[in-house]
Amino acid sequence: MPGYLIANLKVTDPEGFERYRAGVPAVIAQYGGRYAVRGGTMDRLENAEGFDRMVVLEFPSLDAAHDFYHSPEYAPLLKLRIETTESQVVLVEGYSP
């Protein structure tokens, strides 16, 4: 069953965030992840104040998503993201009927 990292980001340092964006795709791929959503147009429908830049990463499992987030390869990028955004991030187990 897939696992998802879902993030809502408000970029506060665009220049620093570009360094994050340049470095993170290789680490995501290393842990079997892929972008399902990466920014893009957003239609805010219900109580969506505070939604800024949405990112959804899909991993083969919730364990793989955890491994990515807590990996030594992601650690310096995570620090950079925290320094350049205001963000909310969750890991969620996917659904399979």
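Mind checking which residues of segment 32-64 are among the aliphatic types (A, V, I, L, M) and either at pLDDT 95 or above or surrounded by 14 or more Cβ atoms within 10 Å (Cβ to Cβ) (or both)?
Passing the criteria: Ala36, Val37, Met54, Val55, Val56, Leu57, Leu62, Ala64.
Within segment 52-73, how many residues turn out to be over 23 Å from Glu15 (Cβ atoms) and assigned to a loop (DSSP other than H, G, I, E, B)?
The qualifying residues number 5.
Looking only at segment 74-97, filter to residues that are touching a helix residue (DSSP H, G or I) at 6+ places or on another chain (Cβ under 9 Å) and exposed (fewer than 14 other Cβ atoms within 10 Å of the Cβ); which one of those is farthest from Pro14 (Cα to Cα)?
Within segment 74-97, the first condition is being touching a helix residue (DSSP H, G or I) at 6+ places or on another chain (Cβ under 9 Å), and the residues that meet it are 74, 76-78, 80-81, 83-85, 87, 89, 91-94.
Now narrow it down to the ones that are exposed (fewer than 14 other Cβ atoms within 10 Å of the Cβ): 76, 83, 92-93.
Details: Pro76: 17, Glu83: 11, Val92: 27, Glu93: 31 Å.
Going through the qualifying residues, I end up with Glu93.
Out of curiosity, is Tyr31 in contact (Cβ under 8 Å) with a residue 12 or more places away in the chain and either among the polar types (S, T, N, Q) or over 16 Å from Tyr4 (Cβ atoms) (or both)? Steps first, answer last, please.
Values: in contact (Cβ under 8 Å) with a residue 12 or more places away in the chain: yes; either among the polar types (S, T, N, Q) or over 16 Å from Tyr4 (Cβ atoms) (or both): no.
For Tyr31, the condition - in contact (Cβ under 8 Å) with a residue 12 or more places away in the chain and either among the polar types (S, T, N, Q) or over 16 Å from Tyr4 (Cβ atoms) (or both) - is not met.
Please work out if Gly16 is in a helix (DSSP H, G or I) and surrounded by 14 or more Cβ atoms within 10 Å (Cβ to Cβ).
Working: in a helix (DSSP H, G or I): yes; surrounded by 14 or more Cβ atoms within 10 Å (Cβ to Cβ): yes.
Yes: the conditions hold for Gly16.
The values are calculated or read from the model by the stated rules, or taken from the named source; none is laboratory data. Everything quoted here is computed from the prediction, not taken from an experiment. Cβ atoms come from the backbone with ideal geometry, glycine included; neighbour counts cover every protein chain shown.
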